[in-house]
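One structure is given below, encoded as structure tokens.
The values are calculated or read from the model by the stated rules, or taken from the named source; none is laboratory data. Computed from a predicted model, the values in this text were never measured in an experiment. Heads up, the Cβs are rebuilt from the backbone with ideal geometry, glycines too, and the neighbour counts pull from every protein chain shown. For the accessible areas, the whole protein counts, side chains as well, though only heavy atoms, and no ligand, DNA or RNA atoms are used. Shrake-Rupley method; radii C 1.70, N 1.55, O 1.52, S 1.80 Å.
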Amino acid sequence: MLFSLLLILKILLFMHITDIRYNRGIILLISSLITLLFFSWIYLSNHKKKQTIAFSFYNIVSAFMFVDVMYYSFFNSLPSITMLKQFSEVTAVGDSVIALLSFRNLLFLLDIPFLKIFSKKKKTKLAEENKVYDKHIRWGVPGGIAIILVFIFGYLMSNDMMAPVANQELYSYHIKDIKDAIVGESIVEGRGIFTQEDLEELRERTSLKKGKHTGIGKGKNLIVIQVEALQNFPLNRFYDGQEITPNLNKFIDDSSTIYFDNYYQQIGRGNTADAEFVSNNSLYPSMEDPTYKQYYGNTFYGLPWILRDNGYTAWVFHGYKKEFWNRERAYPNQGFQRFISEEDYDIVESIGFGITDEEFFKQSIDYLKELDNIDDNPFYAFMITLTSHTPFKMPEEYKELDIREEHVNTILGDYLQSIHYADKALGQFFEALKEEGLYEDSVIALYGDHFAITGLNDLGIELMTDFLDHPYDIDEMFKIPLLIHVPGENIKETVSKIGSQLDFLPTILNIMGYENEKGIMFGRDLLNYEGENYVAPQTYVLKGSFIDDNIIFYMSRDGIFENCTAKDKRTKEKIDVTPFREKYERIIADINKSDYVLKKDLIKLLIENDGHIDMKDLMALDIPDYHKIGYLNYESIEKLDQLYQKGYRLLAVDIEWYPDKKKILLDDGIYKRPMREASFEEYQQVLYQYREDQNTLEDLITWIKKHKDTHILLRSKELDESIFLRVIEYYPELKDRFIVEMKDFEQHIKLSNKAFKNIILNIVDTEYTNEEILDFLNRHNLYGVIMDKKQSSTPLYKDLKKLGINIYKVGQ
């Protein structure tokens with residue numbers, strides 16, 4: 001079976017490219033068995049078009065692997081089907097995608113034209129042979145493979161290995177991803193409560209701490225320039241005697257400039273747009289969709305709003321299409337009063353995406369003069385450049401650097417030409433500001449949006465390591481410059497305290513001397529904060545990864561902390577990860593809090609309530625913190641009335657399927673013989689096990705509607721979660737009235753994805769260790785835990801209490 005062999009070889013290459021390090025043997029075994037399962041089922045069938053089906057399956061799987069490795073080559077993670085929503089952005093950066101093509105990646109597709117010829121011959125041969133396989137062979141071979149897979153998956157589930165394997169294995173990952181996309185988006189992850197203390201700590205973090213350089217820019221205009229793909233390494237660097245960024249270097253050397261040389265990108269799915277969002281709001285970006293798309297309707301209180309509340313007018317400038325990244329719809333809620341976009345410029349010359357940086361800045365001067373004359377108020381101009389966008393292909397007349405032969409037509413050589421041009425345009429802009437009298441009365445801040453050259457593939461690493469003469473990794477790759485210039489102030493300094501775009505807002509507010517009185521910020525003022533800081537990227541590495549002053553911590557793809565990697569930043573040597581668990585958990589919690597702010601539109605509530613929110617009241621909007629559960633215990637629904645009279649408002653009800661899998665009954669506690677393939681007589685015997693007066697889900701719904709101050713904890717002895725999901729399918733309007741009980745970690749994905757916002761984990765008789773339970777609850781947002789009396793006297797109980805999660809004891 002040629003297709004099977006070739007596909008397995010491609011899977012081996014896929015595993016190599018996607019850097020699968022753990023459970024490699026079992027992952028290869030699963031992928032190989034699934035491949036053999038499909039091809040044996042196809043070729044042993046009696047279908048007349050079996051060769052066409054087999055060739056189609058081969059092409060589809062090859063295409064999936066090709067897309068996966070192309071995406072992985074740039075983002076260091078596997079893609080999701082939800083990325084189809086960003087297809088318009090992908091087509092807009094077609095040249096960048098083409099730049100990722102390599103012979104190794106193309107190997108997943110190059111054999112297809114040749115196999116088409118083979119497939120035609122094979123099709124003719126099969127038609128001539130017209131071989132009919134015995135049903136024992138036809139079903140026995142694929143059936144035997146399927147049974148082996150069932151045993152393997154059973155082993156993985158019993159040893160809590162399913163999730164780590166499914167996150168890496170080709171077929172499992174995509175099946176799970178497609179299923180998750182169909183079910184819906186996930187709810188907030190993280191420990192189960194956003195406490196009042198959390199809110200107060202964030203409000204304290206947000207308050208202005210007067211200190212170094214506080215208020216030196218107060219009352220001045222603010223011009224913030226986000227430079228496309230400006231990394232830190234070109235600054236103050238020469239290439240064969242040629243200064244790469246002479247104007248930025250001059251800017252850095254000015255006595256009125258503070259240069260932050262240990263500053264990092266902090267982007268999400270929205271790349272450049274998320275760099276804007278994070279810098280202006282000091283919130284972590286969404287990792288589900290570009291933040292401007294997912295949360296454009298939220299209320300925000302970032303830099304544009306803060307300055308507007310202090311008399312400023314806020315405009316945003318970008319020479320590209322206004323609908324790209326949903327900017328046109330997002331900017332009003334960001335606080336920008338006008339968006340100067342592509343349609344407002346005369347595109348007299350363009351490179352790559354559109355208008356050249358020189359023309360962009362030249363034509364923006366007139367708009368800045370207009371902005372400066374509005375009511376004699378200071379202005380905030382946020383400007384986003386374009387020309388230095390990947391793949392950095394510059395027309396010959398714009399290439400001013402003399403590039404060595406070995407760097408010609410490489411991403412390094414192209415980037416140096418591109419960023420040298422961007423630097424030239426910036427220098428011209430600074431001079432134009434001076435000529436128009438706008439320079440001296442304006443604070444100018446400038447930073448890069450994200451990296452230009454990847455440190456995640458061999459080509460980029462080799463080029464950059466040779467050029468820089470030191471190892472090129474994510475530490476160097478994610479590093480971008482931040483420059484803040486206050487004309488007339490003697491503040492020249494290089495600040496090497498680690499920071500990211502998350503820290504821009506608190507830092508610039510200190511310079512401008514304005515307080516964030518209504519919102520919250522997760523970043524730190526890099527000029528005055530004395531504590532430990534870190535960067536927590538979530539793109540190109542996994543959530544939980546971080547960089548601090550001393551180490552680079554990589555979260556493992558299988559999600560297991562012990563398999564993570566930590567490296568010393570200076571020596572690049574691996575070090576033990578164990579001491580970093582507390583910091584890792586603290587960083588995860590911080591990201592989850594920010595995610596909570598976005599999902600709950602928390603800033604809107606803060607503004608509406610003058611900054612005062614009782615988080616317990618907010619949590620109560622979802623569901624109260626019930627202190628006890630009333631159990632129906634397989635009795636008739638009338639017992640719910642008795643429990644209600646006793647004061648119970650959280651009521652546990654067991655449910656079960658009727659044999660047709662359409663009707664749901666309240667479990668009466670009587671064992672039912674399971675329904676399998678059976679004769680009509682046996683089918684009738686199974687039906688006789690169900691009482692005619694057995695209460696149904698409809699009876700429960702009627703009761704719920706009459707008792708509006710109750711919530712129902714759904715439980716079941718059924719083997720999968722489909723019964724719970726069917727409840728929501730039947731009664732979506734009541735989904736917030738249900739809590740669901742889970743016993744296996746694997747159930748969480750299905751239950752949490754837009755089905756149940758509130759889940760209780762039952763750990764009675766669990767096989768999970770205390771450490772596994774705590775780690776799971778730290779990473780996921782659960783309403784509560786059910787434990788027995790014996791467990792409540794163990795250290796686990798105290799650890800759970802520290803998490804602030806509801807604990808319910810049984811067997812008392």
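Ordering of 708-715, 132-139, 515-522 by packing is 515-522, 708-715, 132-139, highest average first (other Cβ atoms within 10 Å, averaged per residue). Taking every Cα-Cα distance in the chain and sorting them into 10 Å bins starting at zero, the pair-distance distribution P(r) comes out as 2, 11, 19, 22, 19, 14, 8, 3, 1, 0 percent. Segment Asp610..Lys369, full-extension length gain: 83.2 nm, with 0.36 nm per residue of separation and the alpha-carbon distance subtracted.
Evaluated with a Cβ-only charge set (Lys, Arg +1; Asp, Glu -1), the chain carries a dipole of roughly 3500 debye about its Cα centre, given to the nearest 20.
At the residue level, Met162 shows approximately 30 square angstrom of accessible surface with a 1.4 angstrom probe and all protein chains present.
Spacing of the modelled spin labels on Glu573 and Leu459, each 7 Å from Cα toward Cβ, amounts to 3.4 nm.
Sorted from longest to shortest, the spans of the Cα atoms of segment 304-425 along the three principal axes equal 54, 27, 25 Å. Taking the longest Cα principal axis of the chain as reference, the axis of helix 581-599 is set at about 90 degrees.
Length gained on full extension, Leu29 to Asp765, computed as 0.36 nm times the residue gap minus the Cα-Cα distance: 261.8 nm.
Within the set Lys179/Lys293; Lys543/Lys717; Lys661/Lys801; Lys600/Lys661, which residue pairs have Cα atoms separated by over 31 Å? Lys543/Lys717; Lys661/Lys801; Lys600/Lys661, as the Cα separations exceed 31 Å there. The residues neighbouring Leu9, those whose beta-carbon lies less than 14 Å from its own, together hold a net charge of +1 under the Lys/Arg +1, Asp/Glu -1 convention.
Legend: residue pairs Lys50/Lys122; Lys48/Lys120; Lys497/Lys569; Lys10/Lys49; Lys48/Lys131, Cα-Cα distance threshold 18 Å; pairs beyond threshold, Lys10/Lys49.
Between Pro506, Thr124, Tyr648, the Cα set farthest toward the positive side of the dipole of the chain (charges on each charged residue's Cβ, about the Cα centre) is that of Thr124.
Between helix 196-206 and the chain there is an angle of about 20 degrees, using the helix long axis and the longest principal axis of the Cα atoms. With all protein chains in place and a 1.4 Å probe, the accessible surface of the chain carries 53 percent carbon and sulfur.
Each Lys or Arg adds one and each Asp or Glu subtracts one; over the other residues with Cβ under 10 Å from the Cβ of Tyr514, this totals -2.
Taking packing as the residue-averaged number of other Cβ atoms within 10 angstrom, the listed peptides 311-324, 526-539 run from highest to lowest as 311-324, 526-539. Tell me the net charge near Ser279. Cut-off is 12 Å between Cβ atoms, Ser279 excluded, with +1 for each Lys or Arg and -1 for each Asp or Glu. The answer is -4. Computed per residue of the chain from DSSP H runs no shorter than four, each worth -39500 (n - 2.57), the mean residue ellipticity at 222 nm is -13000 deg cm²/dmol. With respect to the chain, whose longest principal axis is taken over its alpha-carbon atoms, helix 2-17 is tilted by about 50°. Cβ-Cβ distance of Asn130 and Ile152, R₀ of 45 Å, FRET efficiency by 1/(1 + (r/R0)^6): the value works out to about 0.80.
Compactness ratio for segment 509-606: Cα radius of gyration over 2.2 N^0.38 Å (N = residue count) comes to 1.27.
If R₀ is 25 angstrom, what is the calculated FRET efficiency for the pair Glu530 and Glu489, using the beta carbon separation as r and rounding to 0.05? Efficiency, rounded to the nearest 0.05: 0.65. Remark: spin-label model distance Lys48-Glu405 equals 6.3 nm, labels positioned 7 Å along the Cα→Cβ axis. For the residue pairs Lys176/Lys743; Lys604/Lys802; Lys750/Lys802, alpha carbon separations beyond 23 Å are given by Lys604/Lys802; Lys750/Lys802. Under a 5 Å amide H cut-off, with hydrogens placed 1.01 Å from N, Ile807 pairs with Val785 among residues at least 5 apart or on other chains.
Here's the list of aspartates and glutamates a cross-link from Lys599 could span, going by alpha-carbon distance under 14 Å and ignoring same-chain residues fewer than 8 apart: Glu185, Glu189, Glu288, Asp289, Asp622.
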